[in-house]
Structure formats: C-alpha cells, structure tokens
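What follows is a set of notes on a single structure, which appears directly below.
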Amino acid sequence: MTSTEAGLRQERRMVTEYPGPRSRALHERRLEAVAHSIASTLPVYIERAAGAIVEDVDGNSFIDFGSGIGVLNVGNTAPAVVERVRQQVEQFTHTCFLLGPYQGYVEVCEHLNRLTPGDHPKRSILFNSGAEAVENAVKIARAATGRSAVVVFDHAFHGRTNLTMAMTAKAVPNKQGFGPFANEIYRAPMSYPFRDGLTGPEAAARAIEIIEKQVGRDAVAAVVIEPIQGEGGFIVPAEGFLGTLAQWCQDTGALFVADEIQSGFGRSGHLFAIEHDGVVPDLVVTAKGIAGGLPLSAVTGRADILDNVQKGGLGGTYSGNPLACAAALGTIETIEREGLVARSEQIGALLAPKLDELRTRFDIIGDVRGRGAMRGIEFVVPGTTEPNAAACAEVTAYCHSRGVLVLAAGTYANVIRLLPPLVISDKLLQEGLGVLEEAIATVSQRRDEN
Ligand code: PLZ
C-alpha cells in the first residue's frame, strides 16, 4: 500500500444519506456563488481521493469508475505524481517556457516522442487543455498543408473553445447560443457498428465520398478523429475504418490527426487507441491521462510538420507549466513501472464477459463495447435500437447513491461509460460491477412493472 492510499482506505462506504448534510450546505453556498451554467453530475462535494476511491465531505467513499472523465489513469494522488509535484512546487512554480525554459518540459516531449506510434523523427509541443491542443493541431496542420478545411465526424467531441465547438458534434448543451462558429469545418459520418451495421471499409467509403463531394480531394488540411469516441458514446469504429481513412489522407495529402485525449495513456489496453488499428498518425493530440490530474496537453507528430510553423507561432503563458510537467513525468513513470497498459487489458478482460452477460440478460441494453478499461453500455427501448436516456439516467443515479461513480455519455445520453483508474484492484472492480448489475436489474424490473 502506498502512503496516500494508507491515508484513505480503498473501500466503498456510505455513512450518511446521499447527499449528506455537509454536501447539501455547500450546495446552498454554490447556488449563490457559482455560475449556474456549470453543471456537476454528483450532488456531493469531494474532500479527498486516492487510488480508485473518492471521499466526500460527509465521509462517504465512492468507487471511482470515471477517473475524472478519463484523467486519473494512474489513480488519484498517485504517489509518484504527488512526490514530483511536491518537489517541483518547492523549486519553482512558473517561469513561462516562452521566457525561461526548463528540463521538465523537454523531458515530457522526449517521452511523448518515444511513446506515440511510429519510429519517424518527432517533435512535441505542450499546452494546458485538450481543446487548446486540438486548436493547435489544426493550426499546425493548416500551416503545413497550406489548406484550410478540417474534417471531423458525427458524435465527435473536441472541446468547448470557438474552433473546437465547431468541431464538436452535439449542439445541446455544448454549442447552443454560442455561435457563430469557426468555418471550414466539415462533418462526415462516423462508423457506428451498432447503429449503421456497416463494415469499416464501407463506413470509410461513405465518409470519403462525402468528403470528396462536399470539400474536395485537394482541400483537406486535416482529418481529426477520436480513435474511440468518448463523449459521443464510447463508439469503437468497425475494423478498417480508421486505416482506410488514414490511407486516404496519405493519398490526398491531408494530415491524419488522432485525438487521443480520452482514449490515450493506457486507457484502451494499448498506450494509444489508434495502435489497435495499426495506424501511425501524422499528429497525435493528448491531454487528460497525460498528467494525473494536472492541466497539461500536447501535440506530438512528424518533425517536419511541427518544425514548419514559424518560430514563435505557437505558445501560451502557462503552456507546459512546470508543475504539470512534473505530474506528467510521475504519470509516465507510474504507467511504465506498474505495467498499467497490461493492467488496462486485464481490466478489459474482466469487464467484457460481465458486460456481455448483462446484455443478454437485460433487454434495456442494446450494445456493450469498448477496449481495455474503456467500456460503454448503450441503453435502448427494449426490442428496438431507440435510445433510452431515461434508463441510463436511472442506472447512473442508482450507482451514485450506492457509492459507485459511473458517467453517462452519448449523443443520445444513453450510454454508461466505465473508465476506472488502471490501478483499481480486482476487488473494487468486482464490487462496483456488482452495484452496476443491481442497478440495471432494478431499473429493468421497474420498467417491466410499469
Ligand atoms: N477531445 C476526445 O474527450 C474532453 C469534456 C468534459 P478539455 N472530454 C471531457 C466537458 O463536458 O467539457 C475532450 C475529449 C476529447 C477533446 C476534449 C477537450 O478537452 O481538456 O476539456 O479541453
């Protein structure tokens, strides 16, 4: 047991009503102080967390199946992250890399160049948020190709800034009232095997036809895609979809950009989800799981593409902040030392048969899918493929009130996603799954009775 975990028992424990009195009191204060436009899934307020356990201000502890939306792959307060950040905070907190460079930034880039797919010469550049890195990938791709069009997909999520809102698919609540949006963004149909029944090459041909007709073969700067879609509903494209698109990019001079912000850093059973398809992207965008909870993101890719941008053309005050770099170094160290990529595969092997069994037992489940420790359960109206957001919301709420943090996702808000920290024990994983099963059985039965 690590020192942080020792201070927080790795167990689920509900000791008050849900939410408890302290959380309710904080919520009252929040309503007066915090803009109502930011919504929280949970009604409880967090006091501390370690590993795969999150404890609220009333002393209730929850099994974490969400990892802060796919961020805490190494677990919360991972010892190597805490230690490196602690050392860094005592050395210096900021210089601005544009002004005074430092070793941590260089080291993170060295690791990214080594770890991302492909043996070609690479460079990396660091930013703060996922959206910021996606924006910069687009800037880099436009500069390198001299073209402006960017192709994105149905169900995509790339961020909430102006350019990335244009790239994100779902209008409500992400885009409603916030236009006008950046132009030269084109949307193509995604491969969604449960809903389109197409093979990967068929779905790619459908997308390519639209791109060629509506944008043009010679106009595309970049095709930006999540190898496994996150917010859109944990959609794993059919085999051959990503490879066919990547080949089209190569044939036409467009850059293939993998948004690995949610699917990366060991989440899918490979370090990067695109590796399942054997594709080597021109640019890889990372964030979330890169730094154990501190804000850091990156664009990594072909040296010729990254070096093509004019000197001083990219940057930012906090980009590659030294504390975030220290956290990233602790994260990468933890992933490699603890074999967390293999662990992700193991978690997947444990989850997959259980989820398959649930799908056969409960007709409100239309599909279960995913790779490694990135799994989704899609709820439908029994006997149809019609999305069942109500069932998804009820199952989610049931799990939360019993101490298991699961997240909903999906264009139709009907997918439960499981993103446990990769350091979770089998025991907690099984226990959480038990609660999830009970939730699905309860919601299923309630529907049968109505
Ligand atoms: N690309 C694939 O998953 C962020 C969004 C939470 P930022 N996903 C969580 C919310 O509702 O805002 C995400 C992603 C993919 C880009 C992003 C954006 O990353 O760090 O939130 O900007």
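Just so it is clear, none of the values below were taken in a lab; they were calculated from the coordinates. Fair warning: this is a prediction, and the values are worked out from it, not measured in the lab. Ideal geometry is used to build each Cβ from the backbone, glycine not excepted, and the neighbour counts take in all protein chains shown.
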Using a Gaussian network model on the chain with a 10 Å cutoff between Cα atoms, which of ALA246, ALA137, ALA258 fluctuates the most? ALA246
Would you kindly state how much longer the chain becomes between LYS213 and ALA390 on full extension, computed as 0.36 nm times their sequence separation minus their alpha carbon distance, in nm to one decimal? 59.9 nm
Taking the dipole about the Cα centre of the stretch 80-337, with the C-beta of Lys and Arg at +1 and of Asp and Glu at -1, give me whichever of VAL299, ALA324, GLY197 is farthest to the positive side. ALA324
Would you work out the charge dipole size for the stretch 81-240 about its Cα centre, treating the Cβ of every Lys and Arg as +1 and the Cβ of every Asp and Glu as -1, and quote it to the nearest 20 debye? 320 debye
Are there trypsin sites (Lys or Arg not before Pro) in the stretch 275-345 that DSSP puts in a loop and that have at most 13 other Cβ atoms within 10 Å, and which ones? LYS311
What is the sum of charges around ARG22, taking Lys and Arg as +1, Asp and Glu as -1, for the other residues whose C-beta is under 13 Å from the C-beta of ARG22? -3
Taking the Cα centre of each part, how many Å lie between the stretch 108-161 and the stretch 226-246? 17 Å
Which order, highest average first, do 95-104, 153-162 follow once you tally other Cβ atoms within 10 Å for each residue and take the mean per peptide? 153-162, 95-104
Could you name the lysines in cross-link range of LYS288, using Cα to Cα under 29 Å and dropping any fewer than eight places away on the same chain? LYS122, LYS139, LYS170, LYS175, LYS311, LYS354, LYS427
What GluC sites (Glu not before Pro) in the stretch 30-68 are in a loop by DSSP, with at most 16 other Cβ atoms within 10 Å of the Cβ? none
GluC sites (Glu not before Pro) within the stretch 207-296, DSSP loop, no more than 11 other Cβ atoms inside 10 Å: none
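Expressed as a rounded percentage, what relative contact order does the chain have, with Cα pairs under 8 Å and six or more residues apart?
After rounding, I find 21 percent.
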What does the charge dipole of the chain about its Cα centre add up to, to the nearest 20 debye, if the Cβ of each Lys and Arg holds +1 and the Cβ of each Asp and Glu holds -1? 680 debye
Roughly what % antiparallel, to the nearest 5, for the DSSP beta bridges in the stretch 80-337? 45 percent
The stretch 166-207 to the stretch 56-93: how many Å between their Cα centroids? 33 Å
Sorting ASN136, CYS399, VAL223 by the position of each Cα along the dipole of the chain (Lys, Arg +1; Asp, Glu -1; all at Cβ), the one nearest the positive end of that ordering is ASN136
